[in-house]
1. Determine which single condition H43 fails, assuming it passes every other condition in (1) out of contact with any strand residue (DSSP E or B) (no Cβ under 6 Å at 6 or more places or on another chain); (2) at pLDDT 90 or above.
2. When you go through L22, L39, L69, L62 one by one, which is the residue that is surrounded by fewer than 19 Cβ atoms within 10 Å (Cβ to Cβ) and either outside any strand (DSSP E or B) or acidic (D, E) (or both)?
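The values are calculated or read from the model by the stated rules, or taken from the named source; none is laboratory data. Since we're looking at a predicted model, the values are computed, not measured. Backbone-built Cβ (ideal geometry, glycine too); neighbour counts: all protein chains shown.
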Amino acid sequence: MIRILLNSTLTDIRTGEVATALIDSPGVLSVHHPHVCRLDEPHPALEAHVVMSEGATYGVALKRLIRQLLMDRFRIGHCTIELEGLAEARICGNHKSVPGSYELPGRAPV
């Protein structure tokens, strides 16, 4: 109960594994500020900023893809995803300087 009230990180779902799964998705360049916690005992949740590749389609279809991935692989049924283009990501900060940022090797940094 204390872990839920403190919005603490889960021990059974690794944030890095979730972020890596997200950046393996089509159209995703990187993920930053990911946080996995529990809404209540049986319900994990995720919030994260997802940076889209140039030319990626924003909107409902992409969020649907991300939500389905999170449910299928990690049983995360609630997520808050902030979709960002490159310009928004630069405003948010340099990912390499932000703890908890994830990129695929070989992809251009934001």
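1. So H43 meets the others, but not (2).
2. Values: L22 fails: surrounded by fewer than 19 Cβ atoms within 10 Å (Cβ to Cβ); L39 fails: either outside any strand (DSSP E or B) or acidic (D, E) (or both); L62 fails: surrounded by fewer than 19 Cβ atoms within 10 Å (Cβ to Cβ).
From the options L22, L39, L69, L62, the qualifying one is L69.
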